[in-house]
Structures are given as C-alpha cells and as structure tokens.
Amino acid sequence: MSDHEGGHCMRTAISVTGLGRSYRVKSGFGRKKNGGKALVALAEVDLHVDVGEVRGLLGPNGAGKTTLMKILSTILLPTQGHVEVLGHDVVREAGLVRRHIGIVFGGERGLYGLLTARENLDYWAAAYGVAAGRRHRLVSELLERLGLADRADLQVDKMSRGMKQRLHLARGLVGDPELLFLDEPTVGMDPVAARQFRDVVKELRDGGMTILLSTHDMQEAETVCDKVTLIDRGRVVGTEAPEGIGQWLTGFERVDAQHVSETVRRRVLALPGVTGMADLPDGWVRFDTAEKGAVQAVLEALVAAGVTALRTSLPSLEDVYVAVIGSRGLKV
C-alpha cells in the first residue's frame, strides 16, 4: 500500500519507498576509512505499516534497524528515497511528524538520573506543551499504568533496569502519540522485567496504538507483533507473521562439530533433512539442516560416534529468506 501517490491513505501509518542511508567515517586528520567509500547502512528499503498494527523489525545487531528508526522519527535524514509517517514527509514536515510520535530507545539515554520518576515525566510533559493544570494528573496516570506509582518519588539513578525501561515507555507516552517507536526496549533487562514490559506493550496494542518495535529477539517478536519485517545487512529480506519466521529459523538450524572423521561425516550427511556440510576453521565442520527434527538426529549421531565438541546456531536471516521464500517473492 502506498500513501504518496494519488493522495494520502489514512490507513497507512508508515510508508517507505526506496529508502537508502549511507555515510562516510573519517579517521584522524580528515582521512576517510575504507578509502573514502561510503558505508551503506540501508539500501532500497520499502516498508508499509498500517494504522493500528504492531510491526516488528527483526535482525541481528548492525542490521540497520536503529538507523531506520532514527529516519522514521526524524532524527536522521535519508540519503535517498521517500518516507512518510502518518501522512507527513519526514524531511519537509519533520515538525508535524514529531507532534504525533513517541520514541523509546533501549539503554540509559533520555532520563535524568538525579531526578525522580515523577520529576522526569513532569519535565517531559512540559516539553510537550501539556498545561500545568493537567500535568499532575497525566503524570500520575502514567506512573500507575506502568506500575511505577509506588516508585514515583525514587531517584532514577537508584532504579533497577526494568523500572528505568518502564519509565522510558511512560516518557514515550507523555505526548499521547499515534505512533510509538520502540528500539530494542528490553535490551539488558532481566527476563522478569522484559516480560512485564511486553505485557504493557500488548496492552497498548490492544488499545489500538500503532507500534514499530525493533528487536533481535525472536521471542519478543512472536509475543507482541502482528507482522515482522526481517532486516539483514541494511536490506529488507521479507515480511511475515511471527510464527512463520520462527519456523524458518528453527527449520534451518545448523550443527557444528569438531574433529569428525570422514566416516562419521558421510553417515551424518546421509541423514534425512541434512542438506549440506562445510569445513570451518580450527577443525570444525558444519552440517546444515532443512527439516524439523534433523538437528536432533545429527546431534544423536555425533554423540554416538564419540564426538564431544558440539554447538548449534541459526543461519542469517538472508540465508533463510533465500532458501525458503525467495521463490515466493514476498513483498513488504
């Protein structure tokens, strides 16, 4: 769906066509790394997200998720392409975009450690232009909603990571946004805090908010997202429902083993669902699989043969895309 040809489509929250972002890194006395070649962070990205949808951006670290988030939220400018958020061009109408979005980045950025949770939210509410008479009620409501009411007057520096992230989310909601950007919001959280945070996100989803969530955590994507877009090496490689992507990844799990004899290699390679074998450095060999249950059969065969150095890993998103859905030509 496109909202920049023939007028705006009100059902489109995000419309991205042909987006590219490249940059150059300088190193000492103005010298440029990589011989002055541009480093490509994003290339030919197309992305369309409907109003009321929770879309996940799934990919490894360095895939380009944060760069895309920063462009959509007007923090970075695109090098090329066309980007609209809620019907507004992110370059020409950045001010209008900012009025309608909330941003929650992972990590420690954006909170004032010497202030309390209430003081932080009051500050950001004032920055969003919330009238003084309404701020106290709004801040109290957000603290209650995010489970921070009993920590309202606690200094942020004394909060746990989970509490800080809930406060980040409260800050992102201060302006009553139509669209919320969550950039790896649970990074560094313990499992309990992460689960609580996802519960709040699900509540927002149930309330009809449009959310774009970047993560490299498959479980997180499966828990809260309607659809997931895979990004790898700055390119979109497919969009599917979360359960579909989970099946791609686990179905192509790989087994690495060290010091495997030729006889055992041939035996493993002949197992159903084993699609290939490749030598790795330091005496390791990798067996690729393409069927559920194949990994377990490979591990059992190797252990029975006396192999003790074993590990499993998932392929890159691009590898899975090419192997599983390349012929289907999924469009974003």
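The values are calculated or read from the model by the stated rules, or taken from the named source; none is laboratory data. Since this is a predicted model, take the numbers as computed values, not measurements. Here Cβ is always computed from backbone atoms with ideal geometry, including for glycine, and neighbour counts include all displayed protein chains.
For the range 245-272, the set of residues classified as of a type in the set (Gly, Ala, Ser) and buried (at least 16 other Cβ atoms within 10 Å of the Cβ) consists of Gly246, Gly251, Ala257, listed by residue number. The single condition from (1) on the phi < 0 side of the Ramachandran plot; (2) in contact (Cβ under 8 Å) with a residue 60 or more places away in the chain that Arg233 fails is (1).
One residue stands out in the range 152-163 among those that are over 29 Å from the mean Cα position of the chain (by Cα) and not aliphatic (A, V, I, L, M): the one that is surrounded by the fewest Cβ atoms within 10 Å (Cβ to Cβ), namely Asp153. Scan the range 190-202 for residues that are farther than 25 Å from Ile75 by Cα, out of contact with any Asp or Glu (no Cβ under 8 Å at 6 or more places or on another chain) and of a type outside the set (D, E, K, R) and the total you get is 5.
Which one is modelled with the highest pLDDT, of the residues in the range 23-43 that are more than 28 Å from Ile211 (Cβ to Cβ) and in a strand (DSSP E or B)? Can you show your working first?
Let us first name the residues in the range 23-43 that are more than 28 Å from Ile211 (Cβ to Cβ), namely 24-39.
After this cut, where a residue has to be in a strand (DSSP E or B) as well, the list is 26, 32, 39.
Working: Lys26: 66, Lys32: 50, Leu39: 88.
Of everything passing the filter in the range 23-43, Leu39 is modelled with the highest pLDDT.
Considering every residue within the range 62-78, establish whether at least one is buried (at least 18 other Cβ atoms within 10 Å of the Cβ), free of Cβ contacts under 8 Å to residues at least 40 places away in the same chain and either within 30 Å of Leu314 (Cβ to Cβ) or not assigned by TED's automatic domain parsing to the domain that holds Asp190 (or both). Among the residues of the range 62-78, at least one is buried (at least 18 other Cβ atoms within 10 Å of the Cβ), free of Cβ contacts under 8 Å to residues at least 40 places away in the same chain and either within 30 Å of Leu314 (Cβ to Cβ) or not assigned by TED's automatic domain parsing to the domain that holds Asp190 (or both), which makes the answer yes. Return a yes/no flag: does the range 180-197 have any residue that is at pLDDT 90 or above and surrounded by fewer than 17 Cβ atoms within 10 Å (Cβ to Cβ). No. Out of the residues in the range 199-211 that are surrounded by 17 or more Cβ atoms within 10 Å (Cβ to Cβ) and touching a helix residue (DSSP H, G or I) at 6+ places or on another chain (Cβ under 7 Å), state the one that is farthest from His168 (Cα to Cα). The qualifying residue farthest from His168 (Cα to Cα) is Arg205.
With the requirement that a residue be outside any helix (DSSP H, G or I) and polar (S, T, N, Q), what does the range 176-197 give you? Before the answer, list the steps.
As a first pass, look at the range 176-197 and keep what is outside any helix (DSSP H, G or I): 176-190.
Hit for the range 176-197 is Thr186, nothing else.
Does Val303 satisfy the criteria of being surrounded by 12 or more Cβ atoms within 10 Å (Cβ to Cβ), in contact with a Phe, Trp or Tyr (Cβ under 7 Å, 6 or more places away or on another chain) and closer than 17 Å to Ser261 by Cα? In short, no. Somewhere in the range 286-293, is a residue surrounded by fewer than 18 Cβ atoms within 10 Å (Cβ to Cβ), closer than 30 Å to Val236 by Cβ and modelled with pLDDT of 85 or more? Yes, the range 286-293 contains at least one residue that is surrounded by fewer than 18 Cβ atoms within 10 Å (Cβ to Cβ), closer than 30 Å to Val236 by Cβ and modelled with pLDDT of 85 or more.
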